[in-house]
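The values are calculated or read from the model by the stated rules, or taken from the named source; none is laboratory data. Here the structure is a predicted model, which means the values were calculated and not measured. Cβ atoms come from the backbone with ideal geometry, glycine included; neighbour counts cover every protein chain shown. Protein only, heavy atoms only, side chains kept; ligands, DNA and RNA dropped before computing areas. Shrake-Rupley method; radii C 1.70, N 1.55, O 1.52, S 1.80 Å.
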Amino acid sequence: MKQPHKTSLKRFALPVLLAAGLSACAPSFNADVSRFATTLPAPQGQTFAVVAEDPKLAGGLEFSLYADMVERELEKLGYTEAASPAEANMLVRFDYGVDNGRERVRTTGNRFGAFNDPFFGPWGRGFGFRRGFAFGFHDPFLAGPEVRSYTVYVGDIDLKIDSTATGERLFEGQAQAASRTNRLQTLVPNLVDALFTDFPGNSGETLRITIKDDGKTVRQVR
């Protein structure tokens with residue numbers, strides 16, 4: 001993985017993800033989660049250790065913050081954190097990042113009474129646009145539609161679980177979200193929450209998970 005501000009993780013299809021809307025400007029957080037698993041061992045007596053997939057992140061304070069979030073989720077499932085990776089039954093490799101963003105343009109006020117954004121195409125209805133955009137420009141002396149520009153960022157996390165006894169891969173999972181912010185402090189906690197929703201899930205299934213203040217919704221991505 002490259003520097004934390006730019007991830008090298010494989011991306012889901014971006015247009016599909018963005019159909020869920022921009023999570024930073026909406027009242028909910030939308031993430032696409034894909035998981036693959038064999039049979040994970042029962043929690044009783046099983047220990048784990050979370051390590052950085054990217055050696056450059058190992059020992060960093062920011063990585064430790066996010067690793068703690070993963071550890072808490074695994075403890076909720078009944079697993080116990082080991083004193084060290086060498087003593088763990090399972091090695092949990094964790095990675096995270098956000099891309100450099102893409103500039104997009106939204107046009108409103110056309111003669112059809114709707115906005116035109118070629119980036120979102122047929123998915124432009126709703127999805128958090130009710131609050132409007134803080135970026136861009138509007139000149140009331142110019143005739144024609146209103147044009148606003150904004151930046152879309154894509155953040156993601158990657159989680160792998162291996163058996164330390166056999167080296168067997170037990171679990172692989174990725175979570176990704178499009179957002180108006182590139183702040184990892186905002187993105188990573190929500191992505192971890194989404195990845196561990198109904199964990200470990202059905203192997204090979206991709207879900208769109210929406211996190212709101214009053215709960216979560218989960219549906220398959222077709």
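Among residues belonging to the stretch 167-217 that are touching a strand residue (DSSP E or B) at 6+ places or on another chain (Cβ under 6 Å), more than 25 Å from ASP68 (Cβ to Cβ) and open to solvent by 60 Å² or more (accessible area, probe 1.4 Å), point out the one that is modelled with the lowest pLDDT. If we take residues in the stretch 167-217 being touching a strand residue (DSSP E or B) at 6+ places or on another chain (Cβ under 6 Å), more than 25 Å from ASP68 (Cβ to Cβ) and open to solvent by 60 Å² or more (accessible area, probe 1.4 Å), then THR217 is modelled with the lowest pLDDT.
Against the test of being closer than 23 Å to LYS216 by Cβ, out of contact with any Ser or Thr (no Cβ under 8 Å at 6 or more places or on another chain), in a loop (DSSP other than H, G, I, E, B) and at pLDDT below 95, the options ALA20, ALA26 yield a single qualifying residue, ALA26. The requirement of being of a type outside the set (Lys, Arg) and free of Cβ contacts under 8 Å to residues at least 12 places away in the same chain is not satisfied by PRO41. Being crowded, with 17+ Cβ neighbours inside 10 Å, more than 19 Å from GLU53 (Cα to Cα) and modelled with pLDDT of 50 or more: is that true of ASN110 here? So ASN110 fails the test.
Residues that are open to solvent by less than 30 Å² (accessible area, probe 1.4 Å) and of a type in the set (Phe, Trp, Tyr) were ranked within the stretch 25-60; the one that is farthest from the chain's Cα centre (by Cα) is PHE48.
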